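A quick write-up on the structure given underneath.
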Amino acid sequence: MNDAVMRGNGSKGVSRRGFITGTGSILGAVVLAGHVTAAQAQAVPATAPIDNGAHVPVLVIGTGYGGSVAALRLAQAGVDVQMIEMGMAWDTPGPDGKIFCNTLNPDQRSYWLRTKTKQPLNYFLGFPIDKNIPRYTGILDAEDFSGITVYQGRGVGGGSLVNGGMAVTPKRENFGAILPSVNADEMYNTYYPRANAGLGANTIDPAWFDTTDCYQFARVGRKQAQRSGFPFVFVPDVYDWDYMKQEAAGTATKSALDGEILYGNNYGKKSLAKTYIAAARATGKVTISPQHKVTSVAPATGGGYTVVIDQINTSGATTVTKTVTADKVFFAAGSVGTSKLLVRLRSTGALPNLNDEVGKGWGDNGNVMCGRANYLWDPTGKLQSTIPCSGIDNWTAGGAFAEIAPLPIGFETYASFYLSITKNPNRAQFSWNAATGAADLNWQTSWKQPSIDMAKTIFDKINAKEGTIYRTDLFGTNKIWNDTLTYHPLGGAVLNKVTDNYGRLLGHPGLYVIDGSLIPGNTSVNPFVTITALAERNIEKIIATDL
Ligand code: FAE
């Protein structure tokens, strides 16, 4: 891995992506102008990291969904963009010839600055399964706060490097509760379709689903959901399903069928590096500085903003501190990263005009995990694709949407595994702790109880119908629920509260928020399509009016 900067070379191409059906929404395809193939993007040469003392028109903090949308659209509008990313480039194979390690053999590439893995499913048959690893700037950050561990991707591509790729558009009737100040017609007619096209969302071939070994677990999930009267839905994903068919047929290198997901995916998944970021780089106007962490943003004398950046090595230590200036700065460090920066900058006086909504409205998207034990005559399969493709929708009746998740550990477990997204009403707040020099989050583990109750509206019923029980061995000894984590942090710089209705930070013209921190805590489904669509909406307005 290196800390090289990547610069586009101006090559261009255009692609159209197909129509998909979300959970109840028909999504049209649009052109992702300037899109290039991954192969073309790989040819783009690397250059040097941002220089100390540099001046840039636009600086984007973070390379996840919000940051990638902002960079691409600004570049297409002719603006030079500098992206700053604390994680690694993830463009160079390790000693095993692969860029990413798989979930069965986590090594130093797996976790962000930990000496032991912190696996979401950390026990099996009641025994702990985490293992020691060398401390390194790995790809998955399990960031601990007092009542919750927040999982996040680290590297060029942000969460798209580590996530399951489930590209879910919320049902339209739920949208008013997700982003009340946003025009739903515009989102469903224009920005959700644009986001889905740009991300490359597509749905599994149902005929293949019905026959392939690697989705036996999901077919068991479907059968049991339907026997209890719950709607089963196929869910789009950004994985290349044709590639997965080839993996299953033995004609392509295995990836989703080789446990690759949580610590990166080497082949089939269309992370942002292959979609939005590839297109952004191909404009020739976007430069990315990996292993650079923004620590401060403050008004510069004479206009614009002074940005302080630590360049870090693979131990996480600062090697150089750089000070640059930018006319405009986009906060796209993710819900946690942006919230932590903003509460600090407000409290320390660097950005004194930020209002007191900063840090508020943070939620966990109601995430809670559980497993169920099936009978011996209902195996879920020893070969399981790491890519989820379906869910159980009990949002309206019970406040839960459950992803039917794989347990790809290479042998038969007779377990069904679920990540539920629930209508949890609890919201936490980030605040700056001057004594520790860190941001605190006041979430309490007990606040997950509503999520457990909502998830039970699905799984108690299925267990009763099937005569089955919950697994109690996957998250500790005698523990049914994993109620101490989230994959889906949202909020902390809520739209129309900390910012105006398009993400402009109130009190400091030229500063913007464009990531998951804009969304007040819940999206009713997996969040990245909504984050991307909102970013598409906001950047269009900002380009039209501010640049
Ligand atoms: P994000 O993608 O987190 O990007 C923020 C970037 O900023 C990261 O690359 C950071 O390293 C970087 N950064 C942070 N602080 C700084 C700083 N000070 N200086 C420089 N860089 C910084 O933000 N969502 C779905 O919709 N479907 C799924 O299937 C799904 N599965 C998931 C599975 C896992 C294991 C995880 C962890 C998440 C999953 N998610 C899923 C959530 C999704 O990845 C997440 O909502 C988005 O990545 C958030 O996008 P943002 O643009 O807000």
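The values are calculated or read from the model by the stated rules, or taken from the named source; none is laboratory data. Model, not experiment: these values are computed from the prediction. Here the Cβ positions follow ideal geometry from the backbone for every residue, glycine too, while neighbour counts run over all protein chains shown.
Does at least one position in segment 526-540 carry a residue that is hydrophobic (A, V, I, L, M, F, W, C), farther than 18 Å from residue 183 by Cα and out of contact with any helix residue (DSSP H, G or I) (no Cβ under 7 Å at 6 or more places or on another chain)? No: segment 526-540 contains no residue that is hydrophobic (A, V, I, L, M, F, W, C), farther than 18 Å from residue 183 by Cα and out of contact with any helix residue (DSSP H, G or I) (no Cβ under 7 Å at 6 or more places or on another chain).
From the list 526, 501, 522, pick out the single residue that is under 20 Å from residue 141 (Cβ atoms) and either under 23 Å from the mean Cα position of the chain (by Cα) or not in a loop (DSSP other than H, G, I, E, B) (or both).
Numbers: 501 fails: under 20 Å from residue 141 (Cβ atoms); 522 fails: under 20 Å from residue 141 (Cβ atoms).
Only one candidate qualifies: 526.
Checked across segment 135-142, the condition of being under 19 Å from the mean Cα position of the chain (by Cα) and either acidic (Asp, Glu) or closer than 23 Å to residue 195 by Cβ (or both) holds for at least one residue.
Under the condition of being away from the ligand (no atom under 12 Å from the Cβ), under 27 Å from the mean Cα position of the chain (by Cα) and crowded, with 21+ Cβ neighbours inside 10 Å, the residues counted in segment 314-343 number 3. Take the conditions surrounded by fewer than 16 Cβ atoms within 10 Å (Cβ to Cβ), among the β-branched types (Val, Ile, Thr), closer than 26 Å to residue 339 by Cβ and modelled with pLDDT of 95 or more and apply them to residue 308. Does it pass? It is true that residue 308 is surrounded by fewer than 16 Cβ atoms within 10 Å (Cβ to Cβ), among the β-branched types (Val, Ile, Thr), closer than 26 Å to residue 339 by Cβ and modelled with pLDDT of 95 or more. Taking segment 98-217 as the region of interest, the helices (runs of 4 or more DSSP H) fully inside it that hold 1 or more residues being within 15 Å of the ligand (Cβ to nearest atom), in contact (Cβ under 8 Å) with a residue 24 or more places away in the chain and not polar (S, T, N, Q) are 172-178, 192-199.
Contact map, segment 512-533: residues that are more than 10 Å from the ligand (Cβ to nearest atom) paired with residues that are part of a loop (DSSP other than H, G, I, E, B) and among the β-branched types (Val, Ile, Thr), Cβ distance under 7 Å, separation 6+ or inter-chain. Pairs shown: 520/494. Cβ-Cβ contacts under 7 Å between residues 6 or more apart (or on different chains), taken from a first residue in segment 219-247 that is part of a loop (DSSP other than H, G, I, E, B) to a second residue that is of a type in the set (Ser, Thr, Tyr) and at pLDDT 95 or above, are listed as 235/390; 236/203. The single condition among (1) assigned to a helix (DSSP H, G or I); (2) aliphatic (A, V, I, L, M); (3) surrounded by fewer than 18 Cβ atoms within 10 Å (Cβ to Cβ) that residue 75 does not meet is (3).
Among the residues of segment 344-359, at least one is over 29 Å from residue 475 (Cα atoms) and within 13 Å of the ligand (Cβ to nearest atom). Evaluate segment 464-486: report whether one residue or more is at pLDDT 95 or above and within 16 Å of the chain's Cα centre (by Cα). Yes - at least one qualifying residue is present in segment 464-486. Of the residues making up segment 218-263, those that are in contact with a Cys (Cβ under 9 Å, 6 or more places away or on another chain) and more than 16 Å from the ligand (Cβ to nearest atom) are 247, 248, 257.
Only one residue in 255, 271, 289 is without any contact (Cβ under 8 Å) to a residue 60 or more places away in the chain and crowded, with 24+ Cβ neighbours inside 10 Å. Which one? The match here is 255. Only a single criterion out of (1) part of a strand (DSSP E or B); (2) more than 9 Å from the ligand (Cβ to nearest atom) is not satisfied by residue 303, namely (1).
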